[in-house]
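Here is the structure we will look at.
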Amino acid sequence: MPANVKTSTYSIKIRKGLVERLGLEVLRLSDESEHEIALITDEKVSGLYLQQVIMNAQQCPKPEGTRLRICEVLINSHEETKNFGLIAKLIEDMASLGLSKNCVVVALGGGVVCDAAGFAAGCYMGGVRLVLVPTTLAAMVKASAGNSARVNLSAGENLAGMSCTPSLVLCDTECLKTLPDDEYRSGLAEALKTAIVSGGEMFRMFARGVGQENIERVIEECIKFRAEIAGNSERIRGLKLGCVVGSAIGTLSGYGIQHGLATAQGIGITARSAAKLGWCSSDTMNEILGALARNNLPDNCVKYRAAEIAQAAKKSWGKVIDVVVPAEIGRCEVKQVKAEDLEHVISLGLNA
């Protein structure tokens, strides 16, 4: 069912057909007579939607005298390129196009596009308006966290970030039909992580297995939960479940493993380790592993040893690592693990 979710500062719309209405939605943001849109996307998404978006924006009803200028900016949206080099090039491209302080940056694409465009919008001329149009499930699930953008450092994923609150977020679920299986499952893993932290009916949906018929509800529930916990540092910290191990696996793979699928592996490994260390019950562990299995998500890593994963993880931390563990469904806790003990903790989770 179509849904509108209000955060404290912006609206998120979830329904089919929003990409077709993108131009009209952007024009509604102001009553100015001159509009500039910096449409940032990648080659893959461009081939699917760009011409349709431009044509519909140009043809949509406008007040007399309205002038619309649309500038297309294509980026390389691989995870390994999401760094300050990409941001610098993006801002330079915007400047070379002569975009003014009144322009609207529209991010049309997955998580890398949304992060890069958000970072650029926050930097360009001290900050310009931003509209996020996530086209992947992972990016839609995280839509309510759109007030920040992150890029990778050589030490690890998403270690640099900045605030960039959007004016509007549009989640067109029709876009999910074009996703490859791995990318769709990666987004499903991000949603399952949210469900573990939330508990209740959202987790029960995953325990039964999420199908295409209720994916809009999953997106809506994830967005609502993330919006509700904004400002609650303890609950927000729970969304780092599986991230210490998952981010290390992603880094080791050279980002060859989808971020969400690496996180799913991290969740499974963390759950097994937590049960063996008495940080959660066997029942909680089995509920999590069962939900991963029913949604065709990985729960372990066979490619890397505990020592390799621990070493990669420690590059992003100091002498003590905050590991988020599932105390029970609906409640996570942070366990502080000494750097020299991390390999052992991970090894417990790698061994079924």
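Values in this text are rule-based calculations from the coordinates and carry no lab data. Treat the numbers as computed from the prediction; the structure is a model and nothing was measured. Quick reminder, even Gly has a Cβ in these numbers, built from the backbone with ideal geometry, and neighbours come from all protein chains shown.
By other beta-carbon atoms within 10 Å, ranking His78, His259 with the fewest at the front produces His78, His259. The ranking of Arg129, Arg331 from fewest to most other beta carbons within 10 Å of each one's beta carbon is Arg331, Arg129. Along the positive direction of the dipole of the range 29-157 (beta-carbon charges: Lys, Arg +1; Asp, Glu -1; about the Cα centre), which of Phe84, Gly127, Gln51 reaches farthest? Comparing the listed Cα positions along the dipole, Gly127 ranks first. Between Ser8 and Ser233, the simple spin-label model (points 7 angstrom out along Cα→Cβ) gives 1.4 nm.
Beta bridges from DSSP with both residues in the chain: antiparallel share about 40 percent, rounded to the nearest 5. Subtracting the Cα-Cα distance of Ser281 and Asp341 from their residue separation scaled by 0.36 nm leaves 19.5 nm. Look at where the Cα atoms of the range 254-296 and of the range 189-207 average out, and the two centres are 13 Å apart. Spatially, the range 141-185 and the range 313-339 are offset by 23 Å when compared through their Cα centroids. Working note: 222 nm ellipticity from helices only, DSSP H runs with n ≥ 4, each -39,500 (n - 2.57), summed and divided by the residues of the chain, gives -13000 deg cm²/dmol to the nearest 500. A Förster distance of 30 Å, applied to the separation of the beta-carbon atoms of Lys315 and Lys16, puts the FRET efficiency at 0.10. Ordering Val45, Val106 by the number of other Cβ atoms within 10 Å of each residue's own Cβ, fewest first, gives Val45, Val106. Quick one: grab the alpha carbon gyration tensor of the range 195-352, order the square roots of its eigenvalues as a ≥ b ≥ c, and give me rounded if a/c is under 1.5, else prolate or oblate depending on whether a/b is larger than b/c. Prolate, because a/c is 1.5 or more and a/b exceeds b/c.
Classify the range 302-349 as rounded, prolate or oblate from the Cα gyration tensor: take a ≥ b ≥ c as the square roots of its eigenvalues, call it rounded if a/c is under 1.5, otherwise prolate when a/b beats b/c and oblate if not. Because a/c hits 1.5 or more and a/b fails to exceed b/c, the range 302-349 counts as oblate. Would the range 1-77 count as rounded, prolate or oblate if I go by the C-alpha gyration tensor, calling it rounded below 1.5 in a/c and otherwise prolate when a/b exceeds b/c, oblate otherwise? Cα axes put the range 1-77 in the oblate bin.
Applying 0.36 nm per residue to the separation of Asp182 and Lys62 and subtracting their alpha-carbon distance, the gain on full extension is 39.2 nm. Across the chain, Cα pairs under 8 Å and at least six residues apart give a relative contact order of 15 percent.
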